[in-house]
Amino acid sequence: MTLDSEELFNLYRRMLLIRRFEEEAARAYAQSHAGGFLHLYIGQEAIAVGASAAMAESDYVFQTYRDHGIALARGMAPGAAMAELFGKDTGCSRGMGGSMHFFDVEHGFYGGWGIVGGHLALAAGTAFKSRYRGDGAVTICFFGEGATNIGGFHEAFSLAGLWKLPVVFICENNRYAMGTPLSRTSPLTDLTLKAQGYGMAADGFVGSDVSVVKERVATAVKRARDGEGPTFIEIQTYRFRGHSMSDPAKYRSREELEERKKDDPLAVTRAQLEAAGAEVARFDEIEEAVEREVAAAVEFAHDSPPALEQTMLDTVLVKGQS
Amino acid sequence: MRIIRYREALREAMVEEMERDADVFLMGEEVGHYQGAYKVSEGLLERFGERRVIDTPIAEAGFAGVGVGAAMVGLRPIIEFMTWNFSFVAFDQIVSNAAKIHSMSGGAIRCPIVFRGPNGAAKQVAAQHSHTVEALYTHFPGLYVVAPSTPRDAKGLLKASIRDENPVIFLEGETLYGVKGEVADEGVDEVVPIGKGRVAREGDGCTVITWGRPYYTVMEAAERLAADGIELDVIDPRTLRPLDEELMLASVRKTNRCVVVHEHWPYGGPGAQIVDVIQREAFDYLDAPVLRVAGLDVPMPYASNLEDLVLPTVDRVVEAVRRVSYLGA
């Protein structure tokens with residue numbers, strides 16, 4: 001273990017917050033407080049939390065529609081996140097985005113994007129801005145392995161590689177593009193090989209240990225910040241829930257799921273902390289505090305006013321220009 | 001006033017805005033070392049360097065997206081499509097990202113970007129290179145769509161578009177680049193506001209609303225009709241979204257007749273939208289149905305004689321005006 005126990009406790013707490021938040025989100029969805037699509041991150045928490053710990057506050061982050069985890073990892077208030085799911089004015093996107101379109105500019109979180117492969121070029125764009133201005137910021141862009149076949153992936157990689165932009169592309173390979181396993185979408189089993197075609201550095205590892213994620217992502221972030229160009233990181237992971245709430249995930253066996261759950265990032269980190277001498281009472285304290293925080297978020301969401309018609313009308317275009 | 005070409009007017013607008021604001025940059029295929037596929041950006045690389053005049057690989061979705069991302073965090077990109085036909089491979093970046101980010105983020109993020117390039121048919125470049133795209137891009141709330149006909153409007157509207165906080169679809173024309181016209185003297189910062197149309201010719205016989213290349217077809221038809229005693233009131237909306245509805249309606253209330261002339265296909269688009277506005281808001285003023293002269297509803301053929309059939313002609317404009325005036329051919 002490379003991290004000291006206090007930092008590891010902090011990362012554990014953040015992962016637990018994401019886990020409990022999403023369990024509540026699923027409940028809210030079942031009770032029709034939240035609608036639309038809901039894609040849960042449960043099982044993948046070590047990636048968002050580890051990568052976030054490797055970034056500076058002024059760095060930029062992009063994510064797919066499976067975006068609750070990274071938003072909370074970056075520091076979004078759970079209340080603003082839950083209120084967005086509830087379609088409330090106090091939501092992080094004022095009820096205009098929903099689950100798939102979280103935004104939190106204050107924490108460098110630039111969404112929350114719904115079209116597979118569509119946000120990779122945007123991440124190259126914020127990285128382009130950082131190089132243009134020389135502001136030293138790095139952009140981290142997450143996407144699934146299902147995005148590695150679409151044109152948006154290749155064009156963003158072409159430009160980022162060509163211009164050596166300060167961006168880190170993180171592929172969260174959770175084995176299934178919705179219901180289709182990697183073996184039926186790619187002739188490669190090692191996706192990092194794709195980086196070579198774009199003159200890009202690559203790394204690949206299993207993402208169940210938050211310390212490992214932090215350390216490996218930090219290496220890529222440093223490379224980007226030092227002007228040495230982008231990195232493509234493939235992180236092996238697994239989502240414990242279906243693709244979205246409407247997916248019973250019948251394309252994989254119960255045995256496979258149970259096997260993967262042995263690598264639950266929360267269990268992995270807890271075991272490390274216990275091996276280092278952490279007391280059970282400490283975990284109980286964290287559990288209790290996180291549950292209180294999530295309960296408060298739900299209460300805040302319930303009590304908040306609904307999204308405003310005026311917001312809808314006022315945000316089509318920025319008015320009063322030219 | 002000076003007389004310069006449309007392409008020079010565009011170039012001047014970019015130069016002046018890049019001089020004024022260090023966050024403005026130009027990105028696209030062949031914009032730098034090649035000096036622009038249509039020479040609009042000639043000399044810009046030498047003037048501003050590779051940091052701000054950026055040649056790209058052939059990757060429209062990639063560089064359009066880079067522009068949108070850069071705009072989201074404060075830069076002011078000008079993204080050149082070699083022609084608007086090639087914007088279709090970047091469609092998702094424009095409609096799913098640029099047009100949506102302000103709304104989707106609850107107003108937290110802005111996207112001040114200009115997508116520009118030549119629109120419409122050139123000459124015998126056939127089906128894939130002859131699209132008139134305003135019917136597509138005006139469909140989406142969250143985008144401005146601008147289509148200047150003259151050098152003066154090209155310069156003034158490009159300056160306004162670069163300064164605007166919103167994504168702007170800026171439609172030029174390959175056949176317009178060589179057109180000469182009056183433009184304000186050097187050093188005069190003339191900005192044409194987005195959303196304001198222009199009365200291009202005054203008359204009381206019939207309103208004709210038109211933009212882009214058909215604007216010149218209409219102005220020629222106006223001369224011929226004037227010889228027959230019909231004076232056209234020609235309205236150039238200049239911006240296609242939002243439309244300057246009041247200007248068009250005031251003209252129709254005066255002339256009681258209206259013909260809309262456009263190159264895009266007849267199904268939908270700003271042409272149909274204008275007819276909707278006029279029948280709804282000026283119904284009681286109309287002495288005849290509103291007619292349209294549009295590109296024929298076919299993919300553009302290669303053969304020159306067939307292409308001539310597709311594009312609006314002076315004859316078709318004259319015929320439509322005479323029909324709404326209940327005059328024989």
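The values are calculated or read from the model by the stated rules, or taken from the named source; none is laboratory data. Fair warning: this is a prediction, and the values are worked out from it, not measured in the lab. Note that each Cβ is placed from the backbone with ideal geometry, even for glycine, and that neighbours are counted across all protein chains shown. In case anyone asks, the SASA skips ligands and DNA or RNA and just uses the protein heavy atoms, side chains included. Shrake-Rupley method; radii C 1.70, N 1.55, O 1.52, S 1.80 Å.
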Q: Taking the residues in segment B:104-128 that are surrounded by 19 or more Cβ atoms within 10 Å (Cβ to Cβ) and among the β-branched types (Val, Ile, Thr) as candidates, determine which candidate is farthest from the other protein chains (Cβ to nearest Cβ).
A: B:Val114
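Here's the yes/no breakdown for (1) among the charged types (D, E, K, R); (2) part of a loop (DSSP other than H, G, I, E, B):
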| position | (1), (2) |
| --- | --- |
| A:Ser244 | no, yes |
| A:Arg252 | yes, yes |
| A:Glu255 | yes, no |
| A:Arg270 | yes, no |
| A:Ala278 | no, yes |
| A:Ala281 | no, no |
| A:Asp284 | yes, no |
**Q.** Of the criteria (1) in a helix (DSSP H, G or I); (2) within 11 Å of chain A (Cβ to nearest Cβ); (3) more than 21 Å from A:Pro166 (Cα to Cα), which one B:Ile58 fails
**A.** (1)
Q.
Cβ-Cβ under 7 Å, sequence separation 6+ or interchain: first residue in segment A:251-268 and closer than 12 Å to A:Tyr12 by Cβ and surrounded by 11 or more Cβ atoms within 10 Å (Cβ to Cβ), partner at pLDDT 95 or above and among the aliphatic types (A, V, I, L, M). Which pairs?
A. A:Pro265/A:Met15; A:Pro265/A:Ala46; A:Pro265/A:Val210; A:Leu266/A:Met15; A:Leu266/A:Leu16
Q) Of all the residues that make up segment A:185-209, how many are hydrophobic (A, V, I, L, M, F, W, C), assigned to a strand (DSSP E or B) and open to solvent by 30 Å² or more (accessible area, probe 1.4 Å)? A) 3
**Q.** The lone exception for B:Val188 - which of (1) outside any helix (DSSP H, G or I); (2) crowded, with 16+ Cβ neighbours inside 10 Å it fails
**A.** (2)
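Can A:Ser99 be described as at the interface with chain B (Cβ under 7 Å from one of its Cβ atoms) and of a type outside the set (A, V, I, L, M, F, W, C)? Can you show your working first?
Working: at the interface with chain B (Cβ under 7 Å from one of its Cβ atoms): no; of a type outside the set (A, V, I, L, M, F, W, C): yes.
Taking the combined requirement at face value, the residue does not satisfy it.
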Q) When you look at B:Gly156, is it more than 9 Å from chain A (Cβ to nearest Cβ), in a helix (DSSP H, G or I), open to solvent by less than 10 Å² (accessible area, probe 1.4 Å) and touching a residue at least 24 places away in the same chain (Cβ under 8 Å), yes or no? A) yes
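Being away from chain A (no Cβ under 14 Å), touching a residue at least 40 places away in the same chain (Cβ under 8 Å), open to solvent by 10 Å² or more (accessible area, probe 1.4 Å) and touching a Gly at 6+ places or on another chain (Cβ under 6 Å) narrows it down to one residue among B:Gly212, B:Gly205; which is it?
Values: B:Gly205 fails: touching a Gly at 6+ places or on another chain (Cβ under 6 Å).
Result: B:Gly212 is the single residue among B:Gly212, B:Gly205 that is away from chain A (no Cβ under 14 Å), touching a residue at least 40 places away in the same chain (Cβ under 8 Å), open to solvent by 10 Å² or more (accessible area, probe 1.4 Å) and touching a Gly at 6+ places or on another chain (Cβ under 6 Å).
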Q: For segment B:165-183, state whether one or more residues are assigned to a helix (DSSP H, G or I) and over 17 Å from B:Pro237 (Cα atoms).
A: no
(Q) So A:Tyr29 passes all but one of these: (1) in a loop (DSSP other than H, G, I, E, B); (2) among the hydroxyl-bearing types (Ser, Thr, Tyr); (3) in contact with a Gly (Cβ under 8 Å, 6 or more places away or on another chain); (4) surrounded by fewer than 23 Cβ atoms within 10 Å (Cβ to Cβ). Which condition number does it fail? (A) (1)
Q.
Give me the residue from segment B:134-154 that is under 10 Å from the mean Cα position of the chain (by Cα) and among the hydrophobic types (A, V, I, L, M, F, W, C) and, out of that set, nearest to B:Asp185 (Cα to Cα).
A. B:Ala154
Q: Run down B:Ile3, B:Ile101, B:Ile94 and say which single residue is of a type in the set (Val, Ile, Thr) and open to solvent by 40 Å² or more (accessible area, probe 1.4 Å).
A: B:Ile3
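Is at least one residue of segment A:308-315 within 14 Å of chain B (Cβ to nearest Cβ), buried (at least 17 other Cβ atoms within 10 Å of the Cβ) and of a type outside the set (Asp, Glu)? Show your work before the answer.
Kept after step one, since they are within 14 Å of chain B (Cβ to nearest Cβ), are these residues of segment A:308-315: A:308-315.
From what's left, buried (at least 17 other Cβ atoms within 10 Å of the Cβ): A:315.
If we keep only those that are of a type outside the set (Asp, Glu) as well, we get A:315.
Looking through segment A:308-315, at least one residue is within 14 Å of chain B (Cβ to nearest Cβ), buried (at least 17 other Cβ atoms within 10 Å of the Cβ) and of a type outside the set (Asp, Glu).
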Q: Test A:Gly144 against the stated conditions and say whether it is open to solvent by less than 30 Å² (accessible area, probe 1.4 Å) and either touching a residue at least 60 places away in the same chain (Cβ under 8 Å) or acidic (Asp, Glu) (or both).
A: yes
